[in-house]
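The structure under discussion appears below in the form of structure tokens.
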Amino acid sequence: MKNKNKSVIIWLLSGCLLLFVMVVVGGITRLTNSGLSMTDWHLVTDTFPPLTEAKWQETFEQYKKFPEYQKINIHNDFTLSDYKFIYFWEWFHRFIGRIIGLVFLIPFFYFLIKKRLSNETIKKCAVLLGMGAFQGFLGWFMVRSGLIDNPDVSHFRLSLHLTFAFITFAYTLWVALDLIYPNKAAAIIPLRKIARFALVFLLLQIIYGGFVAGLNAGLIHNHWPMMSDGQFFHESIVLEKDTWLLRLTEGKSGVQFVHRTLAYVVVGFILLLAFKSHKFDLNKEQRSGINALVIIVFLQFALGVFTLLHSVPLWLGLTHQVMAFFLLTAMTYTLHRLSK
């Protein structure tokens, strides 16, 4: 690590850590059904939760005007205490988003003024700032879908919000790795090609993970390796929707089937990468990255199976999401080391 880049690298890695925390808290928010507790968005005025009991009651009364309360929670003896619990997680999720904005913006302008960033790094950081702003928009765009008629957010918007957070993290890590390893070497083209395919399918798997979460599709077919009734391709996939596009993007059975199947594809590409890598003289970083990929992908696969078998308890669902983050981290690192 070059000394002149050390502070910039620490800044970028701190951003990665905060993005990781953001996704974890977002997972808790989703799994506790807390995402629709805040029915409006203000940049400054809702930075902190209500500070008085009267303000809490006012906020609770506002929440009662929206579909989640009127169609679901009104029947569950839902009290102000219950509301405070779900409010906390959504507020905390948004609060971390604000912290991330400050952590990216303030040091960026400081490094800019101090001329600590190269022109290439400035361009990459500008992209990162744009991605962060767009992620904030996607969050509100997702929440809005659950405040109109349906007391649940669109699984398409949920998946978009989740996947873009993963992509933002991966890009931030990539920019940091460019500074950590400034000396470029020749890319290992065959292995890089396989790693790129693995990354594409991993991102597709993350998208479908968002679909599964948004549709609560993990609460059905809680069997493995087959779906219900000992069927690999369950008949409900065809019965649930009228077209194949809808069956595989909006049907609970179809979405779960794709998520199951993609897991084998991701594992297959990573094993292929590991197998092919023995034909090349890899350095320590490259070999470590591939070894980490193999270990983490098997842990993630096992977590996915247990999460399904146990009908997505909070701790397993959250651990499965966290492990996906680690898998993307290992994938990004390995692809970077095979590319530069």
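The values are calculated or read from the model by the stated rules, or taken from the named source; none is laboratory data. What you see is a predicted model, and the numbers here were worked out from it, not measured in a lab. FYI the Cβ positions are ideal-geometry reconstructions off the backbone, even for glycines, and counts take in every protein chain you see. The accessibility values were calculated without ligands, DNA or RNA, using every heavy atom of the protein model including side chains. Shrake-Rupley method; radii C 1.70, N 1.55, O 1.52, S 1.80 Å.
Does residue 268 qualify as being of a type in the set (Gly, Ala, Ser), assigned to a helix (DSSP H, G or I) and surrounded by 17 or more Cβ atoms within 10 Å (Cβ to Cβ)? Step through it out loud before you land on a result.
Numbers: of a type in the set (Gly, Ala, Ser): yes; assigned to a helix (DSSP H, G or I): yes; surrounded by 17 or more Cβ atoms within 10 Å (Cβ to Cβ): no.
Against the criterion (of a type in the set (Gly, Ala, Ser), assigned to a helix (DSSP H, G or I) and surrounded by 17 or more Cβ atoms within 10 Å (Cβ to Cβ)), residue 268 does not qualify.
Sort out which residues of the range 322-340 are of a type in the set (Val, Ile, Thr) and either more than 16 Å from the chain's Cα centre (by Cα) or open to solvent by less than 20 Å² (accessible area, probe 1.4 Å) (or both), and write them in order of number.
Result: 332, 334.
Output the qualifying pairs, or none if there are none: Cβ atoms under 7 angstrom, residues six or more apart or on different chains, first residue in the range 262-273 and closer than 13 Å to residue 208 by Cβ, second residue open to solvent by less than 50 Å² (accessible area, probe 1.4 Å) and hydroxyl-bearing (Ser, Thr, Tyr).
Taking only residues 6 or more apart or on different chains, the pairs are 262/208.
Of the conditions (1) touching a residue at least 12 places away in the same chain (Cβ under 8 Å); (2) closer than 23 Å to residue 157 by Cα, residue 244 fails just one. Which one is it?
(1)
List the helices (runs of 4 or more DSSP H) that sit entirely inside the range 143-261 and contain at least 2 residues that are open to solvent by 70 Å² or more (accessible area, probe 1.4 Å) and over 25 Å from residue 69 (Cα atoms). Reasoning before the result, please.
Working: elements: 155-180, 189-215, 236-240, 244-249.
So the answer is 189-215, 236-240, 244-249.
Quick one: in the range 28-45, which of the residues that are part of a helix (DSSP H, G or I) and within 14 Å of residue 139 (Cβ to Cβ) is least open to solvent (accessible area, probe 1.4 Å)? First the steps, then the outcome.
Going through the range 28-45, the residues part of a helix (DSSP H, G or I) turn out to be 28-31.
Still in the list and also within 14 Å of residue 139 (Cβ to Cβ): 29-30.
Values: 29: 6, 30: 47 Å².
Checking each candidate, the answer is 29.
Considering every residue within the range 275-289, establish whether at least one is surrounded by 13 or more Cβ atoms within 10 Å (Cβ to Cβ), under 29 Å from residue 34 (Cα atoms) and of a type in the set (Lys, Arg).
No, there is no match, as no residue in the range 275-289 is surrounded by 13 or more Cβ atoms within 10 Å (Cβ to Cβ), under 29 Å from residue 34 (Cα atoms) and of a type in the set (Lys, Arg).
Among the listed residues 186, 198, 217, which satisfies the condition of being of a type in the set (A, V, I, L, M, F, W, C) and touching a Lys or Arg at 6+ places or on another chain (Cβ under 6 Å)?
Answer to the selection: 217.
Run residue 60 past the list (1) in contact with a Phe, Trp or Tyr (Cβ under 6 Å, 6 or more places away or on another chain); (2) assigned to a helix (DSSP H, G or I); (3) open to solvent by less than 60 Å² (accessible area, probe 1.4 Å); (4) in contact (Cβ under 8 Å) with a residue 24 or more places away in the chain and report the number of the one that doesn't hold.
Among (1) in contact with a Phe, Trp or Tyr (Cβ under 6 Å, 6 or more places away or on another chain); (2) assigned to a helix (DSSP H, G or I); (3) open to solvent by less than 60 Å² (accessible area, probe 1.4 Å); (4) in contact (Cβ under 8 Å) with a residue 24 or more places away in the chain, residue 60 violates only (4).
One line per residue, one yes/no per condition, for (1) touching a Cys at 6+ places or on another chain (Cβ under 7 Å); (2) in a loop (DSSP other than H, G, I, E, B); (3) not aromatic (Phe, Trp, Tyr):
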{"residue": "25", "(1), (2), (3)": "no, no, yes"}
{"residue": "48", "(1), (2), (3)": "no, yes, no"}
{"residue": "70", "(1), (2), (3)": "no, no, yes"}
{"residue": "92", "(1), (2), (3)": "no, no, no"}
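Given (1) touching a residue at least 24 places away in the same chain (Cβ under 8 Å); (2) among the hydroxyl-bearing types (Ser, Thr, Tyr); (3) part of a helix (DSSP H, G or I), where does residue 288 come up short, assuming only one miss?
Result: residue 288 fails condition (1) only.
Please work out if residue 79 is over 29 Å from the mean Cα position of the chain (by Cα), on the phi < 0 side of the Ramachandran plot and among the hydroxyl-bearing types (Ser, Thr, Tyr).
For residue 79, the condition - over 29 Å from the mean Cα position of the chain (by Cα), on the phi < 0 side of the Ramachandran plot and among the hydroxyl-bearing types (Ser, Thr, Tyr) - is met.
For the range 299-321, give me the residue count where each residue is in contact with a Leu (Cβ under 8 Å, 6 or more places away or on another chain) and either surrounded by fewer than 18 Cβ atoms within 10 Å (Cβ to Cβ) or part of a helix (DSSP H, G or I) (or both).
Selection size over the range 299-321: 12.
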